[in-house]
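In what follows, a single structure is set out as C-alpha cells and then discussed.
The values are calculated or read from the model by the stated rules, or taken from the named source; none is laboratory data. Remember, predicted model here, so these are calculated numbers, not experimental data. Cβ sites come from the backbone with ideal geometry, for glycine too, and all protein chains shown count toward neighbours.
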Amino acid sequence: MAHAYLSTISGVELYEHETHGDEYPMLMKVDGIFVSTGLFAEPNIDPREVRAAAAQYEFEKARSV
C-alpha cells in the first residue's frame, strides 16, 4: 500500500497517509521524502497554509545542517 495522492496546491504535492488515512495530517512530498504538514484535509484548504507548512519544513531542514 502507498500514500494516496490528493492534490497539488501551490506546487506542493499532498498525500493521505497510507495506513491512518484522514485520521492523520496530510503528508507533503519534499525532495522525495514524505513529511507531515500538520494540516488535515479540508474541502477548502487555504493554499497559504500549505505554503507555510512547506516553508517551515525547509527552514527546519536548513537549520539542522
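Going by the conditions given, is Ala2 in a helix (DSSP H, G or I) and modelled with pLDDT of 90 or more? Write out each step before concluding.
On the way: in a helix (DSSP H, G or I): no; modelled with pLDDT of 90 or more: yes.
For Ala2, the condition - in a helix (DSSP H, G or I) and modelled with pLDDT of 90 or more - is not met.
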Problem set entry | Pick from segment 25-65, criterion of a type in the set (D, E, K, R) and assigned to a helix (DSSP H, G or I), ranking: farthest from Ala2 (Cα to Cα) | Arg63
Exercise. Assuming Thr37 fulfils every condition listed in (1) more than 12 Å from the chain's Cα centre (by Cα); (2) β-branched (Val, Ile, Thr); (3) modelled with pLDDT of 90 or more apart from one, which condition is it?
Worked result: (1)
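Of all residues in segment 25-44 being out of contact with any strand residue (DSSP E or B) (no Cβ under 7 Å at 6 or more places or on another chain) and on the phi < 0 side of the Ramachandran plot, which is surrounded by the most Cβ atoms within 10 Å (Cβ to Cβ)?
Filtering segment 25-44 for residues out of contact with any strand residue (DSSP E or B) (no Cβ under 7 Å at 6 or more places or on another chain) gives 30-33, 38-40, 42-44.
Adding the requirement that they be on the phi < 0 side of the Ramachandran plot leaves 30, 33, 39-40, 42-44.
Values: Val30: 15, Ile33: 10, Leu39: 17, Phe40: 11, Glu42: 9, Pro43: 4, Asn44: 4.
Per the criteria, the residue is Leu39.
A quick yes/no check of all residues on (1) of a type in the set (A, V, I, L, M); (2) more than 11 Å from the chain's Cα centre (by Cα):
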position	(1), (2)
Ile9	yes, no
His17	no, no
Met26	yes, no
Asp31	no, yes
Asp46	no, yes
Glu49	no, no
Ala53	yes, no
Phe59	no, yes
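Taking segment 1-20 as the region of interest, how many residues are aliphatic (A, V, I, L, M) and either more than 16 Å from Ser36 (Cβ to Cβ) or touching a His at 6+ places or on another chain (Cβ under 9 Å) (or both)? Spell out how you get there, then give the answer.
Filtering segment 1-20 for residues aliphatic (A, V, I, L, M) gives 1-2, 4, 6, 9, 12, 14.
From what's left, either more than 16 Å from Ser36 (Cβ to Cβ) or touching a His at 6+ places or on another chain (Cβ under 9 Å) (or both): 1-2, 4.
Going through segment 1-20 one residue at a time, the tally reaches 3.
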